[in-house]
Amino acid sequence: VRYPQLAADRFRWEEVTEGEELSVEHEGRHFSVTPVDANHVAGSVMYMFEGSFGAVLHTGDCRMTPQLCRKLTQLRDGAPFDLIYLDCTFAAYRKEFPPIQEAMRHTEEVITRHPSTPRVYLGCEGLGTEPLLEYLSTRLGQRVYVPTDGSEIGFHGDGAAGQR
């Protein structure tokens, strides 16, 4: 093991539920950890730590929206966080990102403008693969195809935009 201090047997593994506070004791100190939906990929969470050290939010990858900010404010009963570890993948970019629903509608428009295109490849990690495919499947009337090996996700049949 390259970092023995990080060996799995030194950790206590817990299954967590979004919004459910978990009490932790470490070296005689008590604190709580609450997973909060990160509004990112399915199952992703932020972690809120509260204890004698204050209130700390670790965002990980998240899609921060006004609704998520309100939720975080409600979780703290309006009190501010003492420290926020913010995952800033796009912090250096001076770009406004459209709301996710607007980006999904734009993706649908681009696909339907090219009905003779036999295949459409989507790099949709930034939008969230599952929500985008569900939206497009419903709007375009196509089933989503996922091979058993999970290597590719696509629409069932060719010409998804042309087949309704």
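The label-point distance for E27 and V144, in a model that sets each label 7 Å from Cα toward Cβ, rounds to 4.4 nm. In plain terms, if you count all Cα to Cα distances in region 4-85 and split them into 10 Å steps from zero, the share in each step is 16, 47, 30, 7, 0 percent. In a simple Cβ point-charge model (Lys, Arg +1; Asp, Glu -1; nothing else charged), region 18-86 has a dipole of about 300 debye relative to its Cα centre. Could you check the spin-label model distance between F97 and T112? Points 7 Å from the Cα along Cα→Cβ, value in nm. Going by the 7 Å Cα→Cβ label model, 2.5 nm.
Report the full-extension gain for the segment Y85 to A42: residue separation times 0.36 nm, less the Cα-Cα distance, to one decimal in nm. Walk me through the numbers before you get to the answer.
Numbers: separation 43, 0.36 × 43 = 15.48 nm, distance 2.09 nm.
Stretched out fully, the Y85 to A42 stretch lengthens by 13.4 nm.
Modelled spin labels at E14 and S52, positioned 7 Å past Cα toward Cβ, are 1.9 nm from each other.
No value in this document is a laboratory result; all are computed from the given coordinates. The structure displayed is predicted, hence computed values, not measured ones. Cβ atoms come from the backbone with ideal geometry, glycine included; neighbour counts cover every protein chain shown.
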